[in-house]
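The values are calculated or read from the model by the stated rules, or taken from the named source; none is laboratory data. Note that the structure is a prediction, hence the values are computed from the model and not measured. For neighbour counting, all protein chains shown are included, and Cβ atoms are generated from backbone atoms with ideal geometry for every residue, glycine included. The protein model used for the area step is the full one, side chains on, heavy atoms only, and it has no ligands, DNA or RNA in it. Shrake-Rupley method; radii C 1.70, N 1.55, O 1.52, S 1.80 Å.
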Amino acid sequence: MSRLSSPTEWVAPLTPIVSLALLPLGPLLIPRAYVLFLFVYFTGFLYQQVSHVVNFYSSSVKIRANIRKWNAMNRNTSDKSEKAKNEAATTRNRLLEEEEQFTYQEPHYIHTFVIPNYGEPEPLLRDSIGRLASHRNAATHYVIILAMEQSEEGWEEKAKSLQEHFKDRFHGFIVTGHPANVPGEYRGKGSNVNYAVRTGCAEMLDLGYDRSRIMLTIMDSDAAIPELYIIEVEEALNKSDDPYYTICAPPIFFSRNCDEVPAAVRMTDITWAALVMSNLSHSDGLCVPCSNYSLSFILAERVGYWDVDADAIGEDMHMWLKCFFKTDGHARTAPIFVPVNLTNVQCEGYVQNIYERYIQAKRHFQGVADLGYTLRHVVASFKASRNQNQKALLDCHSTTSGFYDKLAACSVIMEAHMIPASSGWLMFAAVPLMQLILFPPFDWLPVIVEPANNPLLTSDFFFKLWTVVKMITVFLPFPLFGTLAIYEHLHRYIDTEFYHKPKSESRSWRNIKDYACLPVAAWLFLTLPSTVACVKRLFKGEDAYVVGAKVFTDSTASEEGEKERIL
């Protein structure tokens, strides 16, 4: 139980434990206080969900705008016939009236793609790297760092095969092999990325690359990164007050194999993607990247690269937090409203596919360790601000962010980890169980609390408050319904306008039946794994790092690759 040496480490495990304990004990021991708690919790949750809908709509508008500008630019450069040119000019003039001109410029940075992988199918890696190779400036401004694990059998042969396949397609192609069983390291994406960036960038510097121009993009092995993302990164860095302390974060999207997985898996990833998109519209640059993100080599070097212990398993969120706190809040996120297409967890067999997605969810929620990490830094920041001797890691910036910025960042992390571990229990069971205990609906049920002693019946205020709480619970799912309705339109738009899929291959009204599994999916892939991850913080020990199962075939690559290659 050494993890609990700091009081901040108790917050995560206590969240689901207290939530579960309150379900039966709240109505019996502290019914009035419990009703007040439910009122505050559900009201706050409803407000939060409504704000997510607004933010998600804002993100969807910006994603559509970028896709429109991208399509307009491609039409301008590819139309051959005079008629097509005239149509493109008309479209261009209309778009110019609505939004700023979208022009293509040569990249300034050397975009270095770090691709950590373990046991991934070689066709999947070839497809993901091939999409990067199709970009216009891949041969002049792209460097691949293929981050292999030495513990994978045949890793050298796989790496050499990929390196040979993409010979002369990139400005550089570096292979790193992360050693196994390094003392003090926890096996996972973070430790592999840390080794790859240290080793790969050292080799780049030896080859004469300018460290100030190295822009790292950490990507999943199944990520289809479009060229538009790099263009938008360049634009965001040009507009930034300090590009070297800017972290670029795109939305994630699941459209590569979504029709080949169970509906529960599909709906979980859709909800996850919608939450990430909503998060990107968070003000003040306090949005956390998910899976794929870009940052300068200077920033990574200045903060000491990626942490490699077990508490840093959520490498994307942890690295963002590390950059934020180590720079005293100077490092901020620039949202890049260009979707990065990923694959759903997929394997043979319905039940096995559900199980593999649950294993992936458990791994994701091991990132709850970042809650304690964040709280420790916020407490330290508060103490430092009171003593007026706050000092950042940076030596080139005299101004630092205020304590309230750290508090705002803390609220983002608390929402990400505390809400899943508590809302699933309270939303589904709190009101029905309290109703059952204090107001049994059937005569044959035992009367636990006599009406004369029922604290809600003896107080008009608390009885009315209880009625309000029940009414609020009815409206709790509606913001999610609104988010998913916006998502459905956005998904179809991205599929048809960005990936150029025929409408028959995108989501349609037939997919409405997917929503029937949403309550089960929410509990199985959000509430349960987050609860398990939080409670495990009470005990010493480390879970094995398990990579999600992925199925990928060359035939899929050849068919879909042609449609998305220009992206």
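In this structure, Ala196 qualifies as touching a residue at least 12 places away in the same chain (Cβ under 8 Å), outside any loop (DSSP other than H, G, I, E, B), out of contact with any Phe, Trp or Tyr (no Cβ under 8 Å at 6 or more places or on another chain) and not hydroxyl-bearing (Ser, Thr, Tyr).
When restricted to residues that are at pLDDT below 95 and either β-branched (Val, Ile, Thr) or within 30 Å of His377 (Cα to Cα) (or both), the stretch 15-43 contains 1. Regarding the stretch 238-259, can at least one residue be identified that is farther than 30 Å from Thr374 by Cβ and among the acidic types (Asp, Glu)? Checked the stretch 238-259: at least one residue is farther than 30 Å from Thr374 by Cβ and among the acidic types (Asp, Glu). Based on what the data block shows, is Asp242 among the acidic types (Asp, Glu) and closer than 20 Å to Asn279 by Cα? The answer is no for Asp242. Among the residues of the stretch 164-178, some residue qualifies, meaning at least one is at negative phi, in a helix (DSSP H, G or I) and at pLDDT 95 or above.
Taken together, Phe475, Phe462, Phe428 contain a single residue that is more than 21 Å from Tyr47 (Cα to Cα), at pLDDT 90 or above and in contact with a helix residue (DSSP H, G or I) (Cβ under 8 Å, 6 or more places away or on another chain), which is Phe462.
Counting only residues that are open to solvent by 60 Å² or more (accessible area, probe 1.4 Å) and modelled with pLDDT of 90 or more, the stretch 384-410 holds 1 of them. Evaluate the stretch 108-122: report whether one residue or more is among the small types (Gly, Ala, Ser), at pLDDT 95 or above and not in a helix (DSSP H, G or I). The answer is no, given that none of the residues of the stretch 108-122 is among the small types (Gly, Ala, Ser), at pLDDT 95 or above and not in a helix (DSSP H, G or I). Restricting attention to the stretch 460-510, the residues that are hydrophobic (A, V, I, L, M, F, W, C), farther than 19 Å from Ser51 by Cβ and without any contact (Cβ under 8 Å) to a residue 12 or more places away in the chain total 5.
Here is a yes/no grid of residues against (1) over 27 Å from Leu125 (Cα atoms); (2) at pLDDT 90 or above; (3) within 21 Å of the chain's Cα centre (by Cα):
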residue	(1), (2), (3)
Glu488	yes, yes, yes
His491	no, yes, yes
Ile494	no, yes, yes
Trp509	yes, no, no
Ile512	yes, no, no
Thr553	no, no, no
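Filtering the stretch 192-235 down to residues that are open to solvent by 10 Å² or more (accessible area, probe 1.4 Å) and of a type in the set (Ser, Thr, Tyr), which residue is farthest from the chain's Cα centre (by Cα)? Once the filter is applied, the top-ranked residue is Tyr209. Scanning the stretch 248-273 for residues that are surrounded by 24 or more Cβ atoms within 10 Å (Cβ to Cβ) and assigned to a strand (DSSP E or B) yields Cys248, Ala249, Phe253.
For (1) buried (at least 21 other Cβ atoms within 10 Å of the Cβ); (2) in contact with a Phe, Trp or Tyr (Cβ under 7 Å, 6 or more places away or on another chain); (3) β-branched (Val, Ile, Thr), each residue gets a yes or a no:
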| site | (1), (2), (3) |
| --- | --- |
| Ile336 | yes, yes, yes |
| Pro339 | yes, yes, no |
| Cys347 | no, no, no |
| Gln352 | no, no, no |
| Tyr358 | no, yes, no |
| Gln366 | yes, no, no |
| Ala369 | yes, no, no |
| Thr374 | yes, no, yes |
| His377 | no, yes, no |
